[in-house]
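Below: the structure, in structure tokens.
The values are calculated or read from the model by the stated rules, or taken from the named source; none is laboratory data. Note that this is a predicted model, so its numbers are computed, not measured. All Cβ positions, glycine included, derive from the backbone under ideal geometry; neighbour counts span all protein chains shown. Surface accessibility is based on the protein's heavy atoms, side chains included, excluding ligands, DNA and RNA. Shrake-Rupley method; radii C 1.70, N 1.55, O 1.52, S 1.80 Å.
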Amino acid sequence: MSITKNRVVGFAYTLTDDDGAVIDSADVQSPLVYLHGHSQLIAGMENALGGREVGDQFSIVLPPEEAYGVYDENLAGAVPVSAFQGVDAVEVGMQFQMEFPGGLKVVTVSAVDDQHVTVDGNHPLAGDTLHFDIEVVSIRAATQDEIEHRHAHGPGGHQ
Ligand code: ZN
């Protein structure tokens, strides 16, 4: 059985950046499980998994354009502290919704001083080239419920 639309796929992976630093991983004992063909993964990754079989091991390199996008300077900057009235203490790592010309975005606080809060609305991996080492661990047909819900159920998936 190979990976095609409406198969539930489990895979182990190691994600590293250009310097070889590990950003994220899942091992064969607790693979990431997803429903293929429903854009649950970034497109470059889903495309690379199509047609593979259990036991296949391969590597892919995704430039920012095929991963989490290029870094957008317009989504980052300093905002006056007064814009956060009603928040007891603004701290690094907090997330807020902010209005941008393209609509609401979730921003993460990256720095705080007496007068300004620096926020960034880019995905943490925006601008990064992603290197994935992947091993396909399991493939099965999806249930009707999974296809209707457009996600995998059971261990590793949505419960
Ligand atoms: Zn569901």
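Restricted to the range 73-97, and to residues there that are aliphatic (A, V, I, L, M) and under 13 Å from D113 (Cβ atoms), the residue that is farthest from the chain's Cα centre (by Cα) is V81.
Figure legend. Inter-residue proximity from the range 135-155: first residues acidic (D, E), second residues outside any loop (DSSP other than H, G, I, E, B) and within 14 Å of the ligand (Cβ to nearest atom), beta-carbon distance below 9 Å, spacing 6+ or different chains. Indicated pairs: D145/H153; E146/V8; E146/L35; E146/H153; E146/H158. Within the option set A78, A89, A83, A12, being part of a loop (DSSP other than H, G, I, E, B) and either surrounded by 17 or more Cβ atoms within 10 Å (Cβ to Cβ) or assigned by TED's automatic domain parsing to the domain that holds A111 (or both) holds for one residue only, A89. Got at least one residue in the range 129-138 being away from the ligand (no atom under 16 Å from the Cβ), surrounded by 11 or more Cβ atoms within 10 Å (Cβ to Cβ), among the β-branched types (V, I, T) and part of a loop (DSSP other than H, G, I, E, B)? The answer is yes, given that some residue of the range 129-138 is away from the ligand (no atom under 16 Å from the Cβ), surrounded by 11 or more Cβ atoms within 10 Å (Cβ to Cβ), among the β-branched types (V, I, T) and part of a loop (DSSP other than H, G, I, E, B).
The rows are residues; the columns are (1) assigned to a strand (DSSP E or B); (2) at pLDDT 90 or above.
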residue	(1), (2)
S30	no, yes
V33	yes, yes
F58	yes, yes
G93	no, yes
M98	yes, no
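In this structure, is D27 closer than 30 Å to D145 by Cα and open to solvent by 50 Å² or more (accessible area, probe 1.4 Å)? In short, yes.
Scanning the range 35-47 for residues that are out of contact with any helix residue (DSSP H, G or I) (no Cβ under 8 Å at 6 or more places or on another chain) and surrounded by 18 or more Cβ atoms within 10 Å (Cβ to Cβ) yields a single hit, M45.
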